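One structure below.
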Amino acid sequence: MNGHRYTEDEKEFFVIYVPGHSHREVQQEFIQRFGWEITLSQVKGSIARYNLNTGRTGYFSKGHTPKNKGQKMSPEAYEKCKGTMFKKGHSPQNHRPVGSERINKDGYIEIKVDEPNKWMPKHRFIWQQANGKIPSGHMVVFRDNDRANVTLDNLMMITRKENAVINHTGLSKTMGETKELAVTYAKLVSTTHQRKKGKKKNGETK
């Protein structure tokens, strides 16, 4: 289950809804009701775990119409599921408001900037709030290499080519003033390389 423990309501959903529905139908209905992004592999694993049988392949055939299209749930099934249904205009229990923060798998702080589920790295968000949009081919790095230190004075914008030079020369671990010197060196190397490319393109020689 990739770290997620199903609630009793979620378990009951599988038991009631799975028969007669494809894996993708189960996935979409689950997401709509409970508000978190379950994957198809999680759906298949749960069906196997609870010894259920869809009687379907898990995929829609061309022109396929779901068996329950236009039909209402039976009163018995509705009573069992109504408490977990995702109602229009309501937010799921695990909804995160704009401004919420989280840490991604690479250790960067992310901040939610828009609904329904738009996140961006916080250091990029802070830089853009102060300096405007980050140009294409550029990135924001940390002076002290601490991804949790997203204060504006700890952020520097460099080009991806300059970052490649810093990594290639082993200067990526430098900090503070030394980091600034590393960036200056990378800018010089990058500029020199571009000039050489320009001369070759124009057929110039030394």
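The conditions of being polar (S, T, N, Q) and surrounded by 13 or more Cβ atoms within 10 Å (Cβ to Cβ) are met by N149. Criterion first (surrounded by fewer than 13 Cβ atoms within 10 Å (Cβ to Cβ) and either free of Cβ contacts under 8 Å to residues at least 12 places away in the same chain or within 26 Å of R33 (Cβ to Cβ) (or both)) does K112 satisfy it? It is false that K112 is surrounded by fewer than 13 Cβ atoms within 10 Å (Cβ to Cβ) and either free of Cβ contacts under 8 Å to residues at least 12 places away in the same chain or within 26 Å of R33 (Cβ to Cβ) (or both). Exactly one residue among T65, T84 is modelled with pLDDT under 60, in contact with a Phe, Trp or Tyr (Cβ under 7 Å, 6 or more places away or on another chain) and not basic (K, R), and that residue is T84. Annotation: F142 fulfils all but one of (1) on the phi > 0 side of the Ramachandran plot; (2) surrounded by 12 or more Cβ atoms within 10 Å (Cβ to Cβ); the unmet one is (1). Among the strands (runs of 3 or more DSSP E) contained in region 101-181, which hold 3 or more residues that are under 25 Å from Q194 (Cα atoms) and not assigned by TED's automatic domain parsing to the domain that holds E37? Because the criterion is at least 3 residues that are under 25 Å from Q194 (Cα atoms) and not assigned by TED's automatic domain parsing to the domain that holds E37, the strands (runs of 3 or more DSSP E) in region 101-181 that meet it are 138-142, 155-159.
Of all the residues in region 105-164, those that are under 21 Å from the mean Cα position of the chain (by Cα) and of a type in the set (A, V, I, L, M) number 11.
Condition check ((1) hydrophobic (A, V, I, L, M, F, W, C); (2) in contact (Cβ under 8 Å) with a residue 40 or more places away in the chain) across all residues:
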{"residue": "P116", "(1), (2)": "no, no"}
{"residue": "I126", "(1), (2)": "yes, no"}
{"residue": "I134", "(1), (2)": "yes, no"}
{"residue": "D144", "(1), (2)": "no, no"}
{"residue": "V150", "(1), (2)": "yes, yes"}
{"residue": "T169", "(1), (2)": "no, no"}
{"residue": "S172", "(1), (2)": "no, no"}
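Across region 36-51, the number of residues qualifying as part of a loop (DSSP other than H, G, I, E, B) and surrounded by 15 or more Cβ atoms within 10 Å (Cβ to Cβ) comes to 1.
Would you confirm whether any residue within region 119-127 is within 23 Å of F30 (Cα to Cα), touching a strand residue (DSSP E or B) at 6+ places or on another chain (Cβ under 9 Å) and modelled with pLDDT of 90 or more?
Residues of region 119-127 within 23 Å of F30 (Cα to Cα): 119.
Still in the list and also touching a strand residue (DSSP E or B) at 6+ places or on another chain (Cβ under 9 Å): 119.
Going one step further and asking which of them are modelled with pLDDT of 90 or more, we end up with 119.
Within region 119-127, one or more residues are within 23 Å of F30 (Cα to Cα), touching a strand residue (DSSP E or B) at 6+ places or on another chain (Cβ under 9 Å) and modelled with pLDDT of 90 or more.
The values are calculated or read from the model by the stated rules, or taken from the named source; none is laboratory data. This is a predicted model, so every value here is computed, not measured. Every residue, glycine among them, receives a Cβ derived from its backbone with ideal geometry; neighbour counts consider all protein chains shown.
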